[in-house]
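Just below is one structure, and these are the notes that go with it.
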Number of protein chains: 2
Amino acid sequence: MTLPRAPRGRPRDSRAHQAILTAAAELVAELGYAATSIGAVAARAGVGKDTVYRRWSGKAELVYEAVFTGTEAAPVPDTGSLPGDLTALLEELVQEFSAPAAAAALPGLLADFAASPELQARIRSEFLAPAKAGLVELFERAVQRGEVDPGLPVDLVLDTLAGAIFFHVGLVGEQPSPRLATQLAALVGRGIESR
Amino acid sequence: MTLPRAPRGRPRDSRAHQAILTAAAELVAELGYAATSIGAVAARAGVGKDTVYRRWSGKAELVYEAVFTGTEAAPVPDTGSLPGDLTALLEELVQEFSAPAAAAALPGLLADFAASPELQARIRSEFLAPAKAGLVELFERAVQRGEVDPGLPVDLVLDTLAGAIFFHVGLVGEQPSPRLATQLAALVGRGIESR
């Protein structure tokens, strides 16, 4: 018996969806987080506010998706080696956290997250958990190649990669060196490889 | 010829200094960052506002020192091995980021840092850079023991340790497992050890 497949792919109104995300990222970069409103995002995207609220719980969730999910939207790197895959993943994260919209959005987003445990839980379940689940295959391939042992704490490895970039680029505000992704991939890759 | 030693140790008014830091951490944990004022901190510490402003540029710098410099105030770990030293360092960081004052202070502090490049630069030069410089000896001892190679990117390693804890505990809001410090010390320790 074949189980019916769950519907996949972009939702039916994917063009509106993408227009809303683009408008949100643009407005945050132009005006800052505080001055960006759902009304302004809807107007720029050419949709009604209802359309925005049908998909997102509010500004924080919308801006989070618009600015900080580029890495998860990209295909999982598959370069043929663990250091290559980690470098590609880290390059995406560096790009994400170096973008003007990211710097503009981060403080306001963090304040909204801190003020609402519900929102924080929603971001964890809607975005962070699926993003991590999607990246598991990167480590499964490394296990198959014998590069890492099964039983690797993948969740902690991913938090380490994201945290290092978040702290170094997003928070400490260092201009990322062109070698950052490679250096960090080497450090973490050596840390988790099988012996 | 003996060069005169630079004055070291706690400043002359170290009791007032410590009372101000304690009052700031307490008030942030009790009232939140936004509702904490320099006047309230001074009153609880039993000093005048002038005494506070003589040492700190404002609330953000004071609260940062009060809440996020426990690790740098502690002696540099010296357990005899790199994994032991990294575990001890990470345990301090976990404790720092799990404290109620840290959760209460983080969003407001980040917002203030983001709004002021001068403040961000000051925190980098007054706190982060000296803290990193102090930890260099931990890695120098590991080099002497042959555990790591000279030329290790110490700055990036420290950002990785702090970023992983910051992201996992401070931001994603995970309740830290008792094994977190050990697991991360093993991961990063293996990543940087000499072969």
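Bear in mind that the values in this text are calculations on the coordinates, not laboratory data. All values derive from a computational prediction rather than experimental measurement. Neighbour counts are summed over all protein chains in view; Cβ atoms, including those assigned to glycine, are modelled from backbone coordinates with ideal geometry.
What to note about this one:
- Cα centroids of region A:60-106 and region B:124-192: 23 Å apart.
- If you count Lys pairs in the protein assembly as shown whose Cα atoms are under 26 Å apart, skipping same-chain pairs closer than 8 places in sequence, the total is 4.
- Overall form of region B:21-126 per C-alpha gyration tensor (a/c, 1.5; a/b vs b/c): prolate
- For the protein assembly as shown, the Kirkwood estimate of hydrodynamic radius, built from reciprocal distances between every pair of different alpha carbons, is 22.8 Å.
- 3J(HN,Hα) couplings calculated from phi for region A:120-127 with the Karplus curve 6.51 cos²θ - 1.76 cosθ + 1.60 (θ = phi - 60°) are, in sequence order, 4, 5, 5, 5, 4, 7, 7, 10 Hz; Gly and Pro show x.
- Listed values for region B:84-99 are Karplus-derived 3J(HN,Hα) couplings in whole Hz (6.51 cos²θ - 1.76 cosθ + 1.60, θ = phi - 60°), namely x, 5, 5, 4, 4, 5, 5, 5, 5, 5, 4, 4, 4, 7, 8, 5, and x replaces Gly and Pro.
- Convex hull of Cα atoms in region A:31-88, direction-averaged projection (nm²): 5.4
- Rg/Rh (Cα only; Kirkwood hydrodynamic radius) as it applies to region B:59-192: 0.97
- Inter-copy spacing of residue B:117 label points, which lie 7 Å from Cα along Cα→Cβ, given in nm from shortest upward: 3.9
- Those residues of region B:155-193 whose amide nitrogen sits under 15 Å from the label point placed on residue A:118, 7 Å along Cα→Cβ: none
- Relative contact order (%) - criterion: Cα under 8 Å, at least six apart; region: region A:59-192: 37
- Cut-off under 5 Å, modelled amide H: who pairs with residue A:148 long-range: A:143, A:194
- GluC sites (Glu not before Pro) restricted to region B:42-133 and DSSP loop, no more than 14 other C-beta within 10 Å: none
- In Hz, Karplus ³J(HN,Hα) per residue of region A:72-78 (6.51, -1.76, 1.60; θ = phi - 60°; x = Gly, Pro): 6, 6, 6, x, 4, x, 9
- Cα-projected label distance for residue B:195 with residue A:194, points at 7 Å along beta-carbon direction, nm: 1.5
- Using a 7 Å projection from Cα along Cα-to-Cβ, the label point at residue B:98 is separated from the same position in the remaining copies by 3.6 nm, smallest value first.
- Across the identical copies, the label point of residue B:137 (7 Å from Cα in the Cβ direction) is separated from its matches by 5.0 nm, in order from shortest.
- Top positive-direction residue, dipole computed over chain A with Cβ charges, set A:83, A:116, A:146: A:116
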